[in-house]
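Below is one structure. I have some questions about it.
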Amino acid sequence: MELFDTHFHWEGHLPPELIASEALDNEVKYLVCVGGDYQTSLESLKISHSLENCYFTAGVHPHSAGNEAWDMEKFSELLKDDKCVAIGEIGLDYFYENSEKDVQRKVFNKFCSLGKKTDFPLIVHCRDKDDCCEAYEEVYGILKNEGIGNGKFAVHCYTGNLFWLEKFLDLGAYIGITGIVTFPKAENVRTIVKHIPDDRLLLETDSPYLAPKPHRGKPNFPKHLKFVAEEVAKIKDIPLEKLAKITTHNAFKFYNL
Ligand SMILES: [Zn+2]
């Protein structure tokens, strides 16, 4: 079995070589190291070159959007690297609202335009305050306006409702599922999984965050992706090996590998 962790962050917790070898021991063969600002995008680039079967993305997370006036030229340079597979993580986060909404929108817009111009797929983060759909509505609107089309974006760590799931799927989204799917209270995410077409499903750890059961509350690593895969296979009622094949194939397609 070969699993693909489509989204992890390296934050210095363990040497990248160890993370990758432990992942491989647990049948996680492919990794994408995701940037959240210029510094971590650059680090992700370096990590991807030090490992086999590891790629990287460059972008500015909504949490960091307000930190500086981002130099898009510098990001364009990173995109020229042969191990770069996507722009991200980018998006809107109105749950924490660590950056002002206006700034988040502006930065997200800039990266969507860059995606359109360069034809790179986008990894989109979208989170709202509970019972509120403002971020989903705006993310959807911006993607649509920019003409980010079929198969050109993934809504990572999707925890929204069915209405927005259908809207994003109609626009051509891939949907990323994390360890949240194993949390006892996450019945909504298990329902979501049932509604994601097989060919639109991606697996991710979003490590070091969101460790799945039975590691919940501890630092997460790509090697834990199997727990996510097992839960998703159970929900979809298909053999684990088949799910691995489908989701790894999807990841290759999404990232143009
Ligand atoms: Zn992330």
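Each reported figure results from applying straightforward, stated rules to the coordinates on display, with no laboratory input. Computed from a prediction, not measured in an experiment: that's the story for all the values here. Heads up, the Cβs are rebuilt from the backbone with ideal geometry, glycines too, and the neighbour counts pull from every protein chain shown.
Mind checking the full-extension length gain between N145 and Q39? Use 0.36 nm per residue of separation minus the Cα-Cα distance, one decimal, nm. Mind dumping the intermediate values first?
Working: separation 106, 0.36 × 106 = 38.16 nm, distance 2.91 nm.
Residue separation times 0.36 nm, minus the Cα-Cα distance, leaves 35.2 nm.
Can you compute the FRET efficiency between K117 and F252 using 1/(1 + (r/R0)^6), with r the Cβ-Cβ distance and R0 = 22 Å? Round to the nearest 0.05.
Values: r = 24 Å, r/R0 = 1.07.
Between K117 and F252 the formula returns 0.40.
Would you mind getting me the FRET efficiency between L162 and K213? Use the beta-carbon distance for r and R0 = 22 Å, nearest 0.05.
Values: r = 24 Å, r/R0 = 1.07.
After rounding to 0.05, the efficiency reads 0.40.
Also, quick follow-up: For the stretch 1-89, compute the orientation-averaged projected area of the C-alpha convex hull (one quarter of its surface), in nm². Mind showing how you got there, number by number?
Values: hull surface 22.5 nm².
In nm², the orientation-averaged hull projection of the stretch 1-89 is 5.6.
Restricting the count to DSSP beta bridges whose residues both fall in the chain, what percent are antiparallel, rounded to a multiple of 5? If you can, show how the numbers build up before the last one.
Values: 0 of 24 bridges.
If we restrict to bridges inside the chain, about 0 percent are antiparallel.
Over the stretch 99-244, what is the relative contact order in percent, taking alpha-carbon pairs closer than 8 angstrom and at least six residues apart? Don't skip to the end; give the middle numbers.
Details: 198 pairs, mean separation 24.2, N = 146.
With pairs under 8 Å counted, the relative contact order is 17 percent.
A follow-up question, please. Return the Rg/Rh value of the chain, two decimal places, where both radii are evaluated on C-alpha atoms and Rh is the Kirkwood radius.
On the Cα set of the chain, Rg over Rh gives 0.93.
What relative contact order, as a whole-number percentage, does the stretch 3-254 give when Cα pairs under 8 Å and 6 or more residues apart are counted?
Values: 522 pairs, mean separation 48.3, N = 252.
Relative contact order, the stretch 3-254: 19 percent.
Could you pull out every one of the aspartates and glutamates with an alpha carbon less than 13 Å from that of K83, ignoring same-chain neighbours closer than 8 positions?
Partners within reach: E43, E52.
On to the next question. Residue by residue, what Karplus-based ³J(HN,Hα) values in Hz, rounded to whole numbers, does the stretch 142-153 have, using 6.51, -1.76 and 1.60 with θ = phi - 60° and x for Gly and Pro?
5, 4, 5, 4, 6, x, 6, x, 3, x, 9, 8
Suppose only helical runs count, i.e. DSSP H with n ≥ 4. What mean residue ellipticity at 222 nm does that imply for the chain under -39500 (n - 2.57) per run, divided by all residues and rounded to the nearest 500 deg cm²/dmol? Write out the running numbers ahead of the final one.
Values: 9 runs with 108 residues, N = 257.
Result for the chain, helices only: -13000 deg cm²/dmol.
Same structure again: Quick one: which of K167/K213; K129/K218; K213/K236; K194/K234; K29/K167 span more than 21 angstrom between C-alpha atoms?
Numbers: K167/K213 30 Å; K129/K218 25 Å; K213/K236 18 Å; K194/K234 10 Å; K29/K167 32 Å.
Correct reply: K167/K213; K129/K218; K29/K167.
Next up: Would you mind finding the longest exposed-site-free stretch of the chain, with exposed chymotrypsin sites (Phe, Trp or Tyr not before Pro) meaning DSSP loop and at most 15 other Cβ atoms within 10 Å?
The longest uninterrupted stretch comes out as 97-208.
Step through the residues of the stretch 8-18 one at a time and calculate ³J(HN,Hα) from phi using the Karplus curve (6.51 cos²θ - 1.76 cosθ + 1.60, θ = phi - 60°), rounding each to whole Hz and writing x for Gly and Pro.
Once rounded to whole Hz, the list reads 9, 10, 9, 10, x, 5, 9, x, x, 4, 5.
Taking θ as phi - 60°, what are the ³J(HN,Hα) couplings along the stretch 229-234 by the Karplus curve (6.51, -1.76, 1.60), each to the nearest whole Hz, with x for Gly and Pro?
4, 4, 5, 5, 4, 4
Give the order of S21, S207 when sorted by the count of other beta carbons within 10 angstrom, beginning with the fewest. Walk me through the intermediate numbers first.
On the way: S21 12, S207 27.
The fewest-first ordering by Cβ neighbours comes to S21, S207.
Quick one: if you stick a label point 7 Å off each Cα along the C-beta vector at E17 and D199, how many nm between them?
Placing both labels 7 Å along Cα→Cβ, they lie 4.2 nm apart.
Once amide H atoms are built 1.01 Å from N in the peptide plane, which residues 5 or more positions from Y55, or in another chain, come under 5 Å H to H?
Counting only residues 5 or more places away or on other chains, the set is L31, V32, C33.
Give the residues of the stretch 232-257 whose amide nitrogen is closer than 15 Å to a point set 7 Å from the Cα of M1 in the direction of its Cβ.
232-249
What are the trypsin sites (Lys or Arg not before Pro) within the stretch 121-187 that DSSP puts in a loop, where the Cβ has at most 10 other Cβ atoms within 10 Å? Mind dumping the intermediate values first?
Numbers: sites: R127, K129, K144, K152, K167, K185; in loops: K129, K152, K185.
Those that pass, being in a loop and sparsely packed, are K185.
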